[in-house]
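**Student:** Got a structure here, written out as structure tokens. Questions coming.
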Amino acid sequence: MQTASAVDYDYLRRLVFSLSHNVLDSSRDYLFDTRLTRVLRSQGMTQLEELIAHLKLRKNPILERSVAEAMTINETSFFRDGRPFELLRAELLPRLIESRRLSRTLRFWSAACSTGQEAYSLAMLLVEHFPQLAAWNIRIEGTDICAEVVERAQAGVYHRIEMNRGLPARSVVRYFDHVGEDWVVKPEIRKLCNFRQANLCTSTLPFTRPDERFDVVFLRNVMLYFAQEARRPLLASVHKLLAPDGLLFLGSSEQPADPSIWSAVLAGGTCHFRPRQPS
Ligand SMILES: C[S@@+](CC[C@H](N)C(=O)[O-])C[C@H]1O[C@@H](n2cnc3c(N)ncnc32)[C@H](O)[C@@H]1O
């Protein structure tokens, strides 16, 4: 354990903020000691002071990004906070499916997808409850700033402990193959999902084309780590990317930064948001 006086944690906090907009509280500086062990090892270093001195001396965007990514909180689970999924199943998806019956296209975005459980939960929900969508064009995009979790999402391989969190036993056997100690997402589910690395706090989001509008966006449990000033532009960009009748789900403790462009809808014991159109 390194002493607080020797390590310039303030430099590390500012570095993380500048790259990911994640605000780290100084009371949790000890997290740098544990989370940056692998970054240190990859550089042949043992002390945070060495890393900080190295970063201060010369610009190294790749190493800086590794530091910011290592400090992200990647906590997630299948069907996390189940109510949004239940509401989609019972009410919202039947309506969306009816209104998209001519285009037969539905697009979902799990923004800040971590290791992919949110995206795969959506895919399982669609396959299980809406078999008529088999002939539709369905895309579930998953993005995250952290390369390591995106790789894990792409692989779709989960340990027993991750499977035990939120997945009913019948879904485990129906949608996963048991390989050694792990469970691997079956191709039927995997093929609906596409994962890539993307930072939500840059001036351009990973999707910009007007024909890439989303029907449902999950932006859950990530804005709580952002500074207030990062939330407003992000939600304004998400607003532009949603179809006029699209749906936004935030984490249960999160709110849109600018309520004037969103209508909050309370239903199914949860809250979701619809984009307000300019009058
Ligand atoms: C707590 S997880 C939430 C995962 C999932 N949405 C859920 O609710 O279960 C937060 C994720 O946000 C990602 N993240 C943090 N800052 C980000 C940024 N600036 N751009 C994109 N993703 C970010 C982290 O890497 C992490 O995987």
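**Student:** For the stretch 28-36, check the following and say yes or no: at least one residue is within 13 Å of the ligand (Cβ to nearest atom), in contact (Cβ under 8 Å) with a residue 12 or more places away in the chain and closer than 26 Å to residue 221 by Cα.
**Tutor:** Yes.
**Student:** Conditions first: (1) within 12 Å of the ligand (Cβ to nearest atom); (2) in contact with a helix residue (DSSP H, G or I) (Cβ under 9 Å, 6 or more places away or on another chain). Residue 171 passes all but one, so which condition is the exception?
**Tutor:** Status for residue 171: all satisfied but (1).
**Student:** Go through (1) within 16 Å of the ligand (Cβ to nearest atom); (2) modelled with pLDDT of 95 or more; (3) over 16 Å from residue 216 (Cβ atoms) for residue 252 and report which single condition fails.
**Tutor:** In the conditions (1) within 16 Å of the ligand (Cβ to nearest atom); (2) modelled with pLDDT of 95 or more; (3) over 16 Å from residue 216 (Cβ atoms), residue 252 misses (2) alone.
**Student:** Being within 11 Å of the ligand (Cβ to nearest atom), at pLDDT 95 or above and within 15 Å of residue 241 (Cα to Cα) is the filter here, so list the residues in the stretch 199-216 that pass it.
**Tutor:** If the condition is that a residue be within 11 Å of the ligand (Cβ to nearest atom), at pLDDT 95 or above and within 15 Å of residue 241 (Cα to Cα), then 200 is the only one that fits.
**Student:** Find the strands (runs of 3 or more DSSP E) located wholly in the stretch 218-279 whose residues include 2 or more that are within 20 Å of residue 118 (Cβ to Cβ) and in contact (Cβ under 8 Å) with a residue 12 or more places away in the chain, and list them.
**Tutor:** 242-250, 270-275
Yes/no matrix, rows are residues, columns are (1) within 16 Å of the ligand (Cβ to nearest atom); (2) within 16 Å of the chain's Cα centre (by Cα); (3) under 27 Å from residue 132 (Cβ atoms):
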{"site": "62", "(1), (2), (3)": "no, no, no"}
{"site": "79", "(1), (2), (3)": "yes, yes, yes"}
{"site": "88", "(1), (2), (3)": "yes, no, yes"}
{"site": "94", "(1), (2), (3)": "no, no, yes"}
{"site": "99", "(1), (2), (3)": "no, no, yes"}
{"site": "103", "(1), (2), (3)": "no, no, yes"}
{"site": "109", "(1), (2), (3)": "yes, yes, yes"}
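**Student:** Only residues that are within 29 Å of residue 97 (Cα to Cα) and either modelled with pLDDT under 90 or buried (at least 19 other Cβ atoms within 10 Å of the Cβ) (or both): list them for the stretch 224-237, please.
**Tutor:** Result: 234, 235.
**Student:** In the stretch 40-84, how many residues are within 30 Å of residue 269 (Cα to Cα) and of a type in the set (A, V, I, L, M, F, W, C)?
**Tutor:** 3
**Student:** Go through the stretch 131-145 and report how many residues are in a strand (DSSP E or B), buried (at least 22 other Cβ atoms within 10 Å of the Cβ) and among the aliphatic types (A, V, I, L, M).
**Tutor:** The qualifying residues number 1.
**Student:** Only residues that are over 25 Å from residue 225 (Cα atoms) and either among the polar types (S, T, N, Q) or in a helix (DSSP H, G or I) (or both): list them for the stretch 3-55, please.
**Tutor:** Result: 3, 5, 41, 42, 43, 46, 47, 49, 50, 53, 54.
**Student:** Picking from 148, 128, 118, which residue would you name as being in a helix (DSSP H, G or I), within 16 Å of the ligand (Cβ to nearest atom), surrounded by fewer than 21 Cβ atoms within 10 Å (Cβ to Cβ) and at pLDDT 95 or above?
**Tutor:** 148
**Student:** Is it true that residue 75 is over 26 Å from residue 187 (Cβ atoms) and within 11 Å of the ligand (Cβ to nearest atom)? Write out each step before concluding.
**Tutor:** Values: over 26 Å from residue 187 (Cβ atoms): yes; within 11 Å of the ligand (Cβ to nearest atom): yes.
Yes; evaluated as a whole, the condition is true for this residue.
**Student:** Mind telling me which of the residues 48, 55, 24 ends up being over 30 Å from residue 245 (Cβ atoms) and within 15 Å of the ligand (Cβ to nearest atom)?
**Tutor:** Going through 48, 55, 24 in turn, the sole match is 24.
The values are calculated or read from the model by the stated rules, or taken from the named source; none is laboratory data. All values derive from a computational prediction rather than experimental measurement. Methodologically, a virtual Cβ is constructed for each residue, glycine included, from the backbone with ideal geometry; neighbour enumeration extends over all protein chains shown.
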